[in-house]
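Structure record follows, encoded as structure tokens.
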Amino acid sequence: MIIDARTVEPGTAFDAEVCVIGTGPAGAAAAAELASRGADVVVLEGGGKGADREALDTYRGVAGTGAHDPLEAVRQKRLGGSSATWGGRCAPLDDLDLDAREWVPDSGWPIPHAELRRYYPRAQRHLQAGSCEYSAARSGFPESPVPASDVLTWDDTWRWSPPTKLAPRITALATGDQVRLFVHAGVARFDRDPLGGAVTAAVVVPRPGVEITVRARVYLLAAGGLESTRILLASDTDGGAGIGNEHDQLGRHYMTHPVGEVGRIVPTDAGRALALGYVSSGDGVYARRMLALGRRTQEAHRLRNLKAALWFADPKDPAHGDGLLSTFALTYWGLGRARLGFKSAGMHAQYTGTTGIARHLRNVVADLPRVGAFAASWARPRLTGGRILPSFMPLDGAHCRLRFDAEQSPDPANRVTLDRERDALGQRRLRVDYSVSAEDRRSIVTSMRMIGGELQRLGLASVDLSDVEEVLDMPFTDGTHQMGLLRMSESPHTGVVDTDTRVHGCANLFVAGSAVFPTAGAVGPTLALVALACRTAETAFATARNRVQAGTGSSTAS
């Protein structure tokens, strides 16, 4: 059943066994897991079936210190959440990402990586990313033309989901008997039992001045890192500072992934034989090698984790004479000028500075057959429903660059708080204080120099990284990966959720999503957060059934 919360009578209360807040990758996976176990589930989605300017305005934030992309540009308030704009890139975390490293402050997860590995195959199925195999050698890649290196690794891969958009999945779930899906049902706050501390209701504000409530035995908050944090901060009706904030940890340690491209790389024949572009794996999934420094090298040089890959030459300067690169530059220049969604923010914002528009157009016209052939190959799977080439990636030009996805260290000064400004629904907006430290930037510079040096030493490429120190001043502002805000910890003195991702001091409230990551790693968080959501759903279901036996919580669903 799908219900538009705006049509519900004010003051109405709904009962459920489990209430899931959010329909993005974490919420959709958790709802599916719960329904498969026979739970009666209410799912609350703050947006509707598509992009809605009014809904996105409620995601607008307030700039604090540092620089961060507009909050409404880096998240999606709609069915399917961030999956609506997700590129589909999947990879597991590394073992060292979960380990305590004395050179990375506040590092170390309170659970071993083996716990996540149990759920990666299940997450793969939710994301349609094929088999849980992330070795190039076992995925159909060509054999390496050079011996293995003690410094540089290239066997680990990314794999790509089609990418899966989860709006149809959550809609299909709602056609069954166990899931009621509410749209335009943004959660304003949780109400709590003043004595026991358990959540007694999720309070929904579908339109100004109107409240409805959902009473459940267990609540699973999966509204994205920033919005989940806002809801917990706003749940302070008892005069406190929000739920899970007894020790001022809520909203701190905010991390994203610094991303950029540097250098001038000319692959040799051996480098091209290594197949550093997209490869169709044995099970028909697009995959790509990661270039990374081995664990011992990171430990010896006290580096944060980082993954690198070949990237196309800078499209912004039309002197390259390449019609495909000019098409790319013009596309993102237009999106940026029109401020169309997340593609106008983050690393893409640089294209608003594209110059020589007329010359770019001449490049496109001169290279029209190649541009047309690429456009046809790009459109074909979108029309036929096949797997989509993950991104624009011409590596056949005169040279390439090295792109990095880097780990950011957890820092309690990077945080979000509630501002006095309110949105149209009367909710306080988030203020963001965020920056990337000088030490994290120096780690990127050192890592890129070592990766480039090893590519050259092995005869895989000619490498010029004379521009790498630009990293020290690059504007890292992309907030699409929202990690650390509700970090997992054994103690409420150092985090917000426990090892079961249950909010400290709140027996029936769980969090699913990358906000619980204590450290960020260097790969996109989607696979790991869905794996954690599957694990959390198991615990939430058991908790709901135990609360029935104990005679607590909502006893019936209506």
Simple spin-label estimate for T331/A366, 7 Å along Cα→Cβ, in nm, reads 2.1
Taking 0.36 nm per residue of separation between V151 and I3 and subtracting their Cα-Cα distance, the length gained on full extension comes to 47.7 nm
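Fewest to most neighbouring Cβ within 10 Å: what's the order for M1, M450?
M1, M450
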Phi-derived 3J(HN,Hα) across the stretch 66-73 with the Karplus relation (6.51, -1.76, 1.60, θ = phi - 60°), rounded Hz, x for Gly and Pro, is x, 9, 8, 4, x, 5, 6, 8
Magnitude of the Cβ-charge dipole (Lys and Arg +1, Asp and Glu -1) of the stretch 195-256 about the Cα centre, nearest 20 debye, reported as 240
D317 and L395 label points (each 7 Å along its Cα→Cβ direction) are spaced in nm at 2.3
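Quick one: work out the % antiparallel among DSSP beta bridges in the chain, nearest 5.
Close to 60 percent.
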If unit charges are put on Cβ atoms (+1 for Lys and Arg, -1 for Asp and Glu) and the dipole of the chain is taken about its Cα centre, the option from L306, S131, P318 lying farthest towards the positive end turns out to be P318
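For the stretch 265-422, what class follows from the C-alpha gyration tensor (a ≥ b ≥ c being the square roots of its eigenvalues): rounded when a/c is under 1.5, otherwise prolate if a/b is larger than b/c, else oblate?
Values: a/c = 1.64, a/b = 1.16, b/c = 1.41.
Oblate shape, in that a/c is at least 1.5 and b/c is the bigger or equal ratio.
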Rounded to two decimals, the Rg over Rh value of the stretch 235-303 from Cα coordinates and the Kirkwood Rh reads 1.25
So for the stretch 15-130, using the alpha carbon gyration tensor with a ≥ b ≥ c as root eigenvalues (a/c under 1.5 gives rounded; past that, a/b versus b/c decides prolate or oblate), I'd call it oblate
Rounded to the nearest Å, the spacing of the alpha-carbon centers of the stretch 191-211 and the stretch 359-389 is 50
For A137 and R295, extending 7 Å from Cα along the Cα-Cβ vector and measuring point to point gives, in nm, a value of 1.6
Of the candidate values (i) 60, 27, 18; (ii) 42, 28, 18; (iii) 40, 25, 23, the one computed for semi-axes √(5λ) of the Cα gyration tensor in Å from this structure is (iii)
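Evaluate the charge dipole of the chain about its Cα centre and quote only its size in Debye, nearest 20, assuming +1 on the Cβ of each Lys and Arg and -1 on the Cβ of each Asp and Glu. Could the numbers behind the result be given before it?
Numbers: 62 positive and 62 negative charges, 269 e Å.
In total the dipole reaches around 1300 debye.
Read-outs throughout are calculated quantities, based only on the coordinates presented, and are distinct from any laboratory measurement. Everything numeric in this text was worked out from a predicted model, so none of it was measured. Note: ideal-geometry Cβ built from the backbone for every residue, glycine included; neighbour counts use all protein chains shown.
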